[in-house]
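Enquirer: There's a structure below that I have some questions on.
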Amino acid sequence: MSIITIFNQKGGVGKTTTAVNLTAALARRGRNPYCIDLDPQAQFSAISGVHAADGDATVLSLFQRNRPLRELIVSTNNGGSIIPAHLELSKVDTLFGKGYNVVNRLNTALRAERFADEAYPVLIDCSPLIGVLVLNAIFASHGVIIPVSADHLSARAALQTEKTLKALEVVLKRRVPRRYLMTRFDTRRRMAWEVHQMLDEKCGAEVCRTRIAENVSLAESPAHSMTVFQHAPSSRGAQDYDALLDELLADGFIV
Ligand SMILES: Nc1ncnc2c1ncn2[C@@H]1O[C@H](COP(=O)(O)OP(=O)(O)O)[C@@H](O)[C@H]1O
Ligand SMILES: [Mg+2]
């Protein structure tokens, strides 16, 4: 099954919002996704009501003592499954270097534990910093979703992320399938359409047709430790993430 990383080199573009609500959309359809929270800020974990006691309950222990990933899975408050994050996860960058085995650790573990053979997708939420954790996520994934909030700085970061992916493809010796996803899209703003046009020109076929609108329910639901489907199931935000899943399933990006 698909292993999908959500990444952009900029913070605040909707990575965690997308990871949380795309995972929830999958869960609603009985696809029982796993989420791996690789962001030391642990926002996906917190929204899911999961508070890891320390780094040992995170993939840090995969690096530190080769602990199986399946031992780290915990249930969330929305019926999902997560390998949570903790601030201590930020140690990975300083402790282990960036050797081949280190940056392939997650990939090796996911294959050895046969996650990809199951019917359940795996979604990985990342921090914006290109370090050991993000490299692990990209190297382990079949595809990358790059959320781009509808502003110029975010668009610039998306093009930077495109360059990074191209550089990593040389190392990986394969193309990384990807989808750019416009988030926080306000149709009344000219800037939103400018960013949209620029992305279309530069990344064409890899831009999702679904756009995630600026939506207050999406912004409010984390405060209640809820997905948008729990907090406001008939909101525009819930509809958009459901439509995004339809699109990604229909074009085979998520299988
Ligand atoms: N479509 C949206 N509409 C309104 N607010 C949003 C939307 N997407 C994200 N947000 C808000 O924007 C902020 C940054 O989103 P987040 O998903 O945490 O970004 P990242 O993980 O990339 O740092 C959060 O406060 C989030 O609730
Ligand atoms: Mg985040």
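Enquirer: Could you check segment 126-147 and list, in sequence order, the residues that are outside any loop (DSSP other than H, G, I, E, B) and farther than 12 Å from residue 59 by Cβ? Walk me through it before giving the result.
Expert: Going residue by residue through segment 126-147, those that are outside any loop (DSSP other than H, G, I, E, B) are 132-140, 143-147.
134, 135, 138, 139, 143, 144, 145, 146, 147 - these are the residues of segment 126-147 that are outside any loop (DSSP other than H, G, I, E, B) and farther than 12 Å from residue 59 by Cβ.
Enquirer: Still on this structure, I have one more. Which count do you get for residues in segment 218-237 that are open to solvent by 60 Å² or more (accessible area, probe 1.4 Å), in contact (Cβ under 8 Å) with a residue 24 or more places away in the chain and in a helix (DSSP H, G or I)?
Expert: The first filter runs over segment 218-237 and keeps only residues open to solvent by 60 Å² or more (accessible area, probe 1.4 Å), leaving 219-220, 223-224, 226, 230, 233-234, 236.
The next check asks that each one be in contact (Cβ under 8 Å) with a residue 24 or more places away in the chain; those that pass are 226, 230.
Then drop every residue that is not in a helix (DSSP H, G or I), which leaves 230.
The total comes to 1.
Enquirer: Given the residues 46, 27, 53, which is the only one that is more than 13 Å from ligand 2 (Cβ to nearest atom), within 19 Å of residue 88 (Cβ to Cβ) and surrounded by fewer than 22 Cβ atoms within 10 Å (Cβ to Cβ)? Step through it out loud before you land on a result.
Expert: Values: 46 fails: more than 13 Å from ligand 2 (Cβ to nearest atom); 27 fails: within 19 Å of residue 88 (Cβ to Cβ).
So the residue among 46, 27, 53 that is more than 13 Å from ligand 2 (Cβ to nearest atom), within 19 Å of residue 88 (Cβ to Cβ) and surrounded by fewer than 22 Cβ atoms within 10 Å (Cβ to Cβ) is 53.
Enquirer: With 209, 184, 236 as the choices, which residue is in contact with a helix residue (DSSP H, G or I) (Cβ under 9 Å, 6 or more places away or on another chain), at positive phi and charged (D, E, K, R)?
Expert: Numbers: 209 fails: at positive phi; 236 fails: at positive phi.
Testing whether each residue is in contact with a helix residue (DSSP H, G or I) (Cβ under 9 Å, 6 or more places away or on another chain), at positive phi and charged (D, E, K, R) leaves just 184.
Enquirer: Something else about it: Pairs please, first residue from segment 8-24 and in a loop (DSSP other than H, G, I, E, B), second anywhere and away from ligand 2 (no atom under 12 Å from the Cβ) and open to solvent by 40 Å² or more (accessible area, probe 1.4 Å), Cβ atoms under 6 Å, 6+ apart in sequence or on different chains.
Expert: Qualifying pairs under 6 Å: 9/160.
Enquirer: Taking segment 50-74, which residues are over 13 Å from residue 37 (Cα atoms) and of a type outside the set (Phe, Trp, Tyr)? Spell out how you get there, then give the answer.
Expert: So in segment 50-74, the residues over 13 Å from residue 37 (Cα atoms) come out as 53-54, 56, 61-68, 70-71.
Selection gives 53, 54, 56, 61, 62, 64, 65, 66, 67, 68, 70, 71.
Enquirer: What are the residues in segment 15-45 that are within 12 Å of ligand 1 (Cβ to nearest atom) and either under 21 Å from residue 142 (Cβ atoms) or basic (Lys, Arg) (or both), if any? Give the steps one after another, and end with the answer.
Expert: Looking only at segment 15-45, we keep the residues that are within 12 Å of ligand 1 (Cβ to nearest atom), and these are 15-22, 37-39, 41-44.
Hits for segment 15-45 are 15, 16, 18, 19, 20, 21, 22, 37, 38, 39, 44.
Enquirer: Within segment 42-73, how many residues are under 14 Å from the mean Cα position of the chain (by Cα) and assigned to a loop (DSSP other than H, G, I, E, B)?
Expert: Adding up the residues that qualify gives 1.
The values are calculated or read from the model by the stated rules, or taken from the named source; none is laboratory data. On a predicted model such as this, the values are computed, not experimentally measured, just so you know. Ideal geometry is used to build each Cβ from the backbone, glycine not excepted, and the neighbour counts take in all protein chains shown. Protein only, heavy atoms only, side chains kept; ligands, DNA and RNA dropped before computing areas. Shrake-Rupley method; radii C 1.70, N 1.55, O 1.52, S 1.80 Å.
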